[in-house]
Amino acid sequence: MSGRAVFVHDAAMEEYGFGGEHPFNPMRLRMTIELCESLGLLKESQFVAPEPATDEDLRTVHYSSYVRRVRMAGRGEGDLEDLARYGLGTQDNPIFPDIHRACAHVVGGTFRAARLVMNGEVEHAMCISGGLHHAMRASASGFCIYNDAGVAIARLKEEHPGIKVAYVDTDVHHGDGVQWMFYDDPEVLTVSMHESGRYLFPGTGGIKEDGQREGHGYSVNLPLEPFTQDDSFIESFEAVVPEVLRAFGPDLILSQNGCDAHALDPLAHLSATMRIYEHVPRRVHELAHEICGGRWVATGGGGYDIWRVVPRAWTALWAALSHQEMPDEMPEDWLSKWGEESPVKLPPFTRDDADDYPPIKRAAEIEERNRRMVEDLLTKVLPLIR
Amino acid sequence: MLLVRDWMAREVVTVETGTTVAEALALCRKHGIRHLPVLEGGRLIGVISDRDLRSATPALGDPSRAEALERIRVGDEMTRDVATARPEDPVEDVAAAMYEGNIGCLPVVDGDGLVGIVTSSNLMRALAQLVGVHEPGSRLEVALPDRPGSLAEIAGIMRDAGVNVVSVLVTLGPDGAGQRIAVLRLATINPVRIVKDLGEAGYPVLWPPEMHPGEGGA
């Protein structure tokens, strides 16, 4: 496994954030990049700076009326009640100056990454600003204004008629926005692995959401029990993802690598550790080489323990994507710089110690329920994929 | 919004007393339904279910089955004295009537005319809409004392946090008197502050439970 990997990023993409106490904090991007650099995993020559997405790009999946309102909101114009109907200016999605441009730049990043890979200019590409999977056609949702993966997939389909794209989302929240955008499209397989929507936002993502019309069977959901730990997460992933990807036979895999399934994440209730953030990218990487000539694009996503989880998880992602080994120890310079700002003690190692995350009391019951869900899913959905 | 007329099926497949069991069973299969209102002169006089139809006829494989299917008429096997609903009835009353009477459907009658049918699956759909499952949100179960003003206080916490409430249901707690449980669906991906504020104000969030690494609880 070799070939060129690129890190699609521009400092302007760090403008996409909501400020103050809001959990979506773009500082996590800076911390990740500096960690990669400090570990010697990322060089200047590996960066690619993207252009913002054009309105024409955005309109492949978003309504013009919505794009117009995001633009207005970013200029401080528009009626607040009207904007709120589009999910803008809510507690989750506050309006900030130039919100349109900042998010269009993120979309441009994921699109650029996807294009570079699809055109064969690079083997793998990563855009950690991307992964805004909740954005809907006509509204902002769950910290997401525009849907970067949606736009990238829709555009690739225009540029390469007939291609098949597999979208693999391991964020702790259901990848609802992307799923609904391609719900009746048999050329786009969406696979989302997440905490069950029983308590968690957005509440969707049950196994019965399996696509409609020609797309029936091409939406795959693995809703995991709250407090699922590494072993059961990995077992569920292995039981489903390789098989559905092989059955589908995509031309490109786009992965959304939200890292909020970690036990330390404040917004959700899964109990995973760094182990899954090494396992998932490594396996997606292998599957891309096995199935689609290595064509793999990775984005970020959710991740709200920006101190202890996100930089390590996305460094592991970059290491997998760029065919490098992640060192075991966190670098001193990084720890001393960010340690000063962090309200919590930063972990000294890039990997978690299993002893810090012992099995919870209900682990056996949780594993059993996940196993039954997986069996049910494989029986009902796998036969539909061609 | 939560009246029978908002949730009933308006296109009703009906039979007459003279319809054969074979015809009635074929209608059930074709439309994927289990209950058929029986009309006579346009007036509702009974209901027949697929279960009634099956128990009235010899089992599959029995040589006398084919003859029985053609011979037995719906009028011989239907339930008379049918419980009905009116379009203006609240869905909760209909749910209680169906649950208490152990029945799977109620024909909806306006004056003398049959205008619809409400089945348990219509009510399930109403319940799903009631709790807001079709809108993105987070779900919380909150304990609150059974006294005036407690709901207003938790609503005030949502207001102060600037978060819209998609739906709210309040029910008696498992311990009966004194405590109620509010089931809230909030239009946010981030209920962290609300959970904290509710707890501090004396309204503990029961589900999802809080858990910290290494605690081994839950």
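The values are calculated or read from the model by the stated rules, or taken from the named source; none is laboratory data. Just so it is clear, the structure is predicted and the values come from calculations on it, not from any experiment. Because the Cβ atoms are built from the backbone with ideal geometry, glycine has one as well, and the counts that use them run over all protein chains shown.
Give, as residue ranges, the strands (runs of 3 or more DSSP E) completely inside region A:163-254 that count at least 3 residues that are over 15 Å from A:L382 (Cβ atoms) and either in contact (Cβ under 8 Å) with a residue 12 or more places away in the chain or not basic (K, R) (or both). So the answer is A:165-169, A:188-195. Restricting attention to region B:128-142, the residues being outside any loop (DSSP other than H, G, I, E, B), within 8 Å of chain A (Cβ to nearest Cβ) and among the hydrophobic types (A, V, I, L, M, F, W, C) number 1.
Just to verify a result, which residue in region A:358-386, among those that are more than 18 Å from A:M193 (Cβ to Cβ) and in contact with a strand residue (DSSP E or B) (Cβ under 7 Å, 6 or more places away or on another chain), is surrounded by the fewest Cβ atoms within 10 Å (Cβ to Cβ)? Looking at residues that are more than 18 Å from A:M193 (Cβ to Cβ) and in contact with a strand residue (DSSP E or B) (Cβ under 7 Å, 6 or more places away or on another chain), I get A:P359. Specify which of the listed residues (A:G87, A:G142, A:G109) is within 20 Å of A:Q179 (Cα to Cα) and touching a residue at least 60 places away in the same chain (Cβ under 8 Å). Checking each option against the conditions leaves just A:G142.
The residues listed here are A:D176, A:D185, A:D210; of these, the one that is within 13 Å of another protein chain (Cβ to nearest Cβ) and either within 27 Å of A:R59 (Cα to Cα) or touching a strand residue (DSSP E or B) at 6+ places or on another chain (Cβ under 6 Å) (or both) is A:D176. I'd like to check something: does region B:164-178 contain any residue that is of a type in the set (G, A, S), closer than 23 Å to A:P266 by Cβ and in contact with a strand residue (DSSP E or B) (Cβ under 9 Å, 6 or more places away or on another chain)? No, the conditions are met nowhere in region B:164-178. In the set (1) outside any helix (DSSP H, G or I); (2) at negative phi; (3) modelled with pLDDT under 90; (4) surrounded by fewer than 17 Cβ atoms within 10 Å (Cβ to Cβ), B:L169 fails one condition alone, (3).
Let's see how each residue does on (1) of a type in the set (D, E); (2) surrounded by fewer than 24 Cβ atoms within 10 Å (Cβ to Cβ):
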residue	(1), (2)
A:D185	yes, yes
A:L189	no, no
A:M193	no, no
A:L200	no, no
A:D210	yes, yes
A:R213	no, yes
A:H216	no, yes
A:N221	no, no
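Of all the listed residues (A:G89, A:G130), the sole one being within 18 Å of the chain's Cα centre (by Cα) and assigned to a loop (DSSP other than H, G, I, E, B) is A:G130.
Can you confirm whether region A:307-317 contains a residue that is part of a loop (DSSP other than H, G, I, E, B), modelled with pLDDT of 95 or more, touching an Asp or Glu at 6+ places or on another chain (Cβ under 8 Å) and crowded, with 20+ Cβ neighbours inside 10 Å? Let's see the steps before the verdict.
Let us first name the residues in region A:307-317 that are part of a loop (DSSP other than H, G, I, E, B), namely A:307-309.
Narrowing the set further to residues that are modelled with pLDDT of 95 or more leaves A:307-309.
Add one more test, that the residue is touching an Asp or Glu at 6+ places or on another chain (Cβ under 8 Å), and what stays is A:309.
In the following step, the residues that additionally are crowded, with 20+ Cβ neighbours inside 10 Å were identified as A:309.
Yes; the residues of region A:307-317 include at least one that is part of a loop (DSSP other than H, G, I, E, B), modelled with pLDDT of 95 or more, touching an Asp or Glu at 6+ places or on another chain (Cβ under 8 Å) and crowded, with 20+ Cβ neighbours inside 10 Å.
Just so you know, in region A:18-39 the residues that are in contact (Cβ under 8 Å) with a residue 60 or more places away in the chain and assigned to a loop (DSSP other than H, G, I, E, B) include one that is farthest from the chain's Cα centre (by Cα), and it is A:L39.
Scanning region B:174-192 for residues that are farther than 13 Å from B:I154 by Cβ and out of contact with any Asp or Glu (no Cβ under 8 Å at 6 or more places or on another chain), which turns out farthest from the other protein chains (Cβ to nearest Cβ)? Across region B:174-192, the extreme among qualifying residues is B:G176.
Scanning region B:59-81 for residues that are among the hydrophobic types (A, V, I, L, M, F, W, C) and without any contact (Cβ under 8 Å) to a residue 40 or more places away in the chain, which turns out surrounded by the most Cβ atoms within 10 Å (Cβ to Cβ)?
Of the residues in region B:59-81, the ones among the hydrophobic types (A, V, I, L, M, F, W, C) are B:59-60, B:66, B:68-69, B:72, B:74, B:78.
From what is left, the residues that are without any contact (Cβ under 8 Å) to a residue 40 or more places away in the chain are B:59-60, B:66.
Details: B:A59: 9, B:L60: 7, B:A66: 12.
By that ranking, first place goes to B:A66.
Across region A:317-361, the number of residues qualifying as more than 14 Å from every other protein chain (Cβ to nearest Cβ) and either under 25 Å from the mean Cα position of the chain (by Cα) or more than 21 Å from A:D230 (Cα to Cα) (or both) comes to 31.
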